[in-house]
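Read the structure below first, then the notes.
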Amino acid sequence: MNTPDAQRPRSELLRRTVLVLVSVVIGLGLIEIGVRASSWTWLFAWPNYVLDARKVLAERDDGRSVHDDRLGYRPRPGYAAPGITIDGDGLRSTGAAPAGDKPPILAVGDSFTFGEEVGNTESWPADLQRITGRRVLNGGVSGYGFDQIVLRAEALAPLHRPGAIVVAFIADDIRRTEMRRMWSADKPYFDLEGDGLGLRNAPVPPRAPAETTLTFWQRTLGYSYAFDFLMRRLDLLHDWFGDHIRVHPAGLGERISCKLTARLAGLEKSSGAPVLLVAAYDPVVWDDPRFAAEQRRLTEGLLDCARRNGLATLDTYDAQAATPRPRDLYVLWHMNAAGNALMARLIAGALGDKGN
């Protein structure tokens with residue numbers, strides 16, 4: 001039987017715990033008000049920052065992209081914005097088509113191929129067109145994983161009958177093959193299936209409404225300007241604002257991507273167009289040696305798989321490293337006109353007379 005003396009320590013512990021929790025809540029509240037007051041504007045507006053960010057992304061993507069049952073999404077035919085023109089086939093403009101009857105070169109890849117942060121004629125496919133004098137079809141799509149890039153090549157090659165196919169990637173595209181959703185957009189993915197691959201999440205469902213994608217913490221802490229401020233300073237917004245769903249453990253994407261090079265070899269055989277696999281690099285490679293070492297390992301592994309499957313490859317690292325300041329080849333995240341011009345020269349040299 002509990003005596004009053006035995007109950008007293010418990011009630012005292014409960015009282016102290018409540019006081020601590022109340023103090024913490026009041027302290028956090030004062031920090032929130034203080035940080036908001038420093039900007040003044042946010043003192044009177046209390047949105048959910050995560051939800052707002054995802055809505056803005058959805059509106060942007062819905063404007064320039066259309067849903068695709070097999071790829072997840074692709075550029076919207078006929079879309080136009082300052083510096084960006086998408087033709088009726090969903091390909092980014094590379095400028096006026098050169099004269100001649102040689103078959104075109106098909107370029108596929110992610111945002112580095114599409115040419116984010118530069119105009120139509122400053123992407124590397126546009127530069128490649130000027131160098132070779134052959135029509136180059138820019139089939140790059142921002143945000144694609146290596147799985148989507150391969151599927152895009154398989155979809156475009158029969159339609160355009162290219163004389164050569166250039167498949168470009170960065171190391172992060174390998175990681176993206178481990179995901180079912182990237183940047184709030186569902187995507188296809190592959191499972192290892194025996195000695196091959198099995199396509200999953202196809203047909204790909206449409207984009208989920210932003211309101212349905214928030215976790216408990218994003219629904220609550222998403223309203224905190226102080227927390228948003230902290231995440232920005234720590235450069236952690238990628239995972240906080242990003243709506244990503246992983247289906248494979250980290251590292252499995254390397255095996256999946258390796259097997260996808262066998263599909264590219266099959267495409268080379270069925271289309272008769274030689275395939276060139278090109279490794280590009282994001283700017284952090286030139287800022288962080290540890291990050292660079294891992295990106296190089298991933299890149300070299302995929303290129304080695306491609307060579308074992310009989311594909312031609314090109315690693316642009318050494319050529320970039322040989323420039324006075326490799327970081328000067330970028331705008332913010334993607335290559336600038338000079339960087340894309342270098343890429344085009346390297347690709348033109350690697351292609352040689354292939355596909356004529």
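A few points about this structure:
- Loop-located chymotrypsin sites (Phe, Trp or Tyr not before Pro) across region 1-106 with a Cβ neighbour count of 11 or fewer within 10 Å are Trp40, Phe44, with loop assigned by DSSP.
- Scaled against 2.2 N^0.38 Å for its residue count N, the alpha carbon radius of gyration of region 190-238 is 1.83.
- For region 195-203, backbone phi angles converted through the Karplus equation (6.51, -1.76, 1.60; θ = phi - 60°) give residue-by-residue couplings of 8, x, 10, x, 6, 10, 6, 10, x Hz, Gly and Pro being listed as x.
- Degrees between helix 146-160 axis and first principal axis of the chain (Cα, 0 to 90, nearest 10): 30 degrees
- Look at the alpha carbon pairs under 8 Å that are at least 6 residues apart: their mean separation over the length of the chain gives a relative contact order of 19 percent.
- Shape class of region 40-199 from the Cα gyration tensor (axes a ≥ b ≥ c, square roots of the eigenvalues): oblate, since a/c reaches 1.5 or more and a/b does not exceed b/c.
- Residues whose placed amide H lies under 5 Å from that of Tyr73, excluding near-sequence neighbours: Asp68
- 0 to 90° range, to nearest 10: angle between helix 4-39 axis and the chain longest Cα axis: 50 degrees
- Within region 49-351, percent of DSSP bridges classed antiparallel, to nearest 5: 55 percent
- Global geometry of region 4-43, whether rounded, prolate or oblate, following the gyration tensor of its Cα atoms and the 1.5 cut on a/c: prolate
- Global size of region 1-92: 27.4, 84 Å for Rg and Dmax (C-alpha atoms, Rg to one decimal, Dmax whole).
- Karplus-derived 3J(HN,Hα), 6.51/-1.76/1.60, for each residue of region 338-352, Hz, glycine and proline x: 5, x, 5, 5, 5, 4, 5, 5, 5, 5, 4, x, 6, 6, x
- Net charge over other residues, Cβ less than 11 angstrom from the Cβ of Leu51 (K, R count +1; D, E count -1): 0
- Other residues whose C-beta falls under 12 angstrom from the C-beta of Ala338 contribute a net charge of 0, scoring Lys and Arg +1 and Asp and Glu -1.
- Shape call, region 186-319: gyration tensor on alpha carbons, a/c limit 1.5: oblate
- Share of alpha-carbon pairs per 10 Å distance bin for the chain, given as whole %: 5, 21, 29, 22, 10, 6, 4, 2, 1, 0
Only the coordinates and a few stated rules stand behind these numbers; no lab work does. Small disclaimer: the values here were computed from a predicted structure and weren't measured. Note that we place each Cβ from the backbone using ideal geometry, even for glycine, and neighbour counts take in every protein chain shown.
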